[in-house]
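Engineer: There's a structure below that I have some questions on.
The values are calculated or read from the model by the stated rules, or taken from the named source; none is laboratory data. Small disclaimer: the values here were computed from a predicted structure and weren't measured. Cβ: placed from backbone, ideal geometry, glycine included. Neighbour counts: every protein chain shown. These accessible areas exclude ligands, DNA and RNA; they are computed on the full protein's heavy atoms, side chains included. Shrake-Rupley method; radii C 1.70, N 1.55, O 1.52, S 1.80 Å.
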Amino acid sequence: VGMTQILDADADVELLTFEDADGKHVFRHTASHILAQAVKELYPQAHFAYGPATENGFYYDVDLGDVKLAEADLGSIVENVNALASESQNAVAGAMKKLDAIDIDTLNQAIRDLADIVGPLANFGRLW
């Protein structure tokens, strides 16, 4: 559960830090969502396909349409990531059918083929 989850019964609680493998994964997963939000704010036409946390960080497959990023563009993305990371945003976790996710962000055809499978969803405020 996240930090905003209300515990209404007895529970075993474990606090994770970046020293823990699970803590690293949660941090990197959250960072990928912040990156996606930063990119979407700067490039509203952006479509996101896949962005997992990995053993050494994370990545996101992003389609910017006709826009080609140059190294000079990275500074504004980093600046927006830092601004978003300093905000106090509550993560809202839930689940939705992948077909609904496609309606939100027009995901790639491979995910359309799996539309009847329920997948995870995390929304950090303004992404959708």
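Engineer: Could you check, for region 59-78, whether at least one of its residues is within 11 Å of the chain's Cα centre (by Cα) and open to solvent by 70 Å² or more (accessible area, probe 1.4 Å)?
Structural biologist: yes
Engineer: Quick one: which residue in ALA38, ALA53 is at pLDDT 90 or above, touching a helix residue (DSSP H, G or I) at 6+ places or on another chain (Cβ under 6 Å), surrounded by 15 or more Cβ atoms within 10 Å (Cβ to Cβ) and not acidic (Asp, Glu)?
Structural biologist: Within the list ALA38, ALA53, the selection yields ALA38.
Engineer: So GLN5 clears everything in (1) open to solvent by less than 40 Å² (accessible area, probe 1.4 Å); (2) farther than 15 Å from TYR60 by Cα except one condition, right? Which one?
Structural biologist: That leaves (1) as the condition not met.
Engineer: So, one more: Scan PHE27, PHE48 and give me the residue that is in contact (Cβ under 8 Å) with a residue 40 or more places away in the chain and under 30 Å from ALA70 (Cβ atoms).
Structural biologist: Residue meeting the stated conditions: PHE48.
Engineer: Select from region 41-50 the residues that are open to solvent by 40 Å² or more (accessible area, probe 1.4 Å) and not hydroxyl-bearing (Ser, Thr, Tyr) and list them in ascending order.
Structural biologist: GLU41, LEU42, PRO44, GLN45, HIS47
Engineer: Only one of these conditions is not met by ALA21: (1) open to solvent by less than 70 Å² (accessible area, probe 1.4 Å); (2) small (Gly, Ala, Ser); (3) over 17 Å from VAL78 (Cα atoms). Which number is it?
Structural biologist: Single failed check for ALA21: (1).
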